[in-house]
Amino acid sequence: MEPFRIIETVLAQTAADATLPTRDYGFWAAVGNAGLGEKLVMLFLLGFSVVSWAVIVYKLRNIRRSYRESETFLDVFWNSKRLDAIYQRSETLSSSPVSQVFRAGYIELAKLKKMEKESENEGKGDTDLGDLENIERSMRRAAAAELTNLESLVPFLATTGSTSPFIGLFGTVIGIMNSFQDIGRIGNANLATVAPGVGGALVATAFGLFAAIPAVIAYNYFLSKIRVLDIEMQNFSSDFLNIVKRHFF
C-alpha cells in the first residue's frame, strides 16, 4: 500500500499546485517587474529608438529623392546642347547634388565670360588655366557642401548603434544588483524570488539592442548610398571641366 500512498500524495500536491495562481514571466510582465532604474534606462532607449527611426525615414526619403533627381539631371545634361537650358532645368532639381555642382560651375563660368567681355586686354595661357581652376574650386566647394548636407543626421545613427547596447547593459547591471539585494533581504534564492528581477534586468538589454540594430543597418546603408553620390559628383566635375576646357578655353 505504500506505493499507492506515495502516488496519492504526489497527485494531491500537484492538484494543490494547480490551484495556485501562476505568475506571468512574459516580456511585458518583465517590463512591469523592472525597477525604477531599469525603467528609466528603457525610457531613455525608447527615446533613442523613436528619434533614430524618424531620422531613418527622413534620410531614406531624402537620399532616394537625391538619386532620382540626379539621374534626371544627368539625362538632361547629356541630351542637351545648351548650358543655359541645362541651368534652367536644374532649378527644378534642387535635391540633386550633381545639379548643384553643375550650377556652381556654370555660375562661375558665366562670371568669367562676362569679365572676359568687359576686359580689353584679356590674356591667354596661364590666365585661362587660372580661370579653369576657379571653376574647379567652385565646383569642389559645392560638392563639399552637398556631401555635408547628405551626411547630416547620419552620425546620430552611428551614435545610437554604438552606445545603445552599453546603455541597455547598464540597466541590466542595475537590475541584477537589485535582484541580489532582494535575495539577501528575503534570504531565499528560489525561482519566484529571482525571476522577476532578472527578467526586468534583461529587458533593458533587449531595449538597447532594439534601438541599436536598425540604426546600424540604416547607417551602413546610407553611408554606401552617399559614397555613390560623392563619386557621381566627382565624375561629373571632371566631365564638366573637360567640356569647358574644350569649348571655352
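Every number here is computed from the coordinates shown, using simple stated rules; none is lab data. Here the structure is a predicted model, which means the values were calculated and not measured. Cβ: placed from backbone, ideal geometry, glycine included. Neighbour counts: every protein chain shown.
Please sort 74-82, 239-247 by packing, taking for each peptide the average over its residues of neighbouring beta carbons within 10 angstrom, highest first.
Packing order, densest peptide first, comes out as 239-247, 74-82.
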Practice problem: Quantify how much of the Cα-Cα distance distribution of segment 39-113 extends past 14 Å, in percent. | Solution: 68
Exercise. Sequence neighbours fewer than 8 away in the same chain don't count; with that in mind, list the lysines whose C-alpha is under 19 Å from Lys117.
Key: Lys245
Exercise. Highest first, please rank the peptides 84-91, 39-46 by the mean number of other Cβ atoms sitting within 10 Å of their residues.
Key: 39-46, 84-91
Practice problem: Among the lysines, select those whose C-alpha is under 16 Å from the C-alpha of Lys114, and discard any that sit fewer than 8 residues away in the same chain. | Solution: Lys124
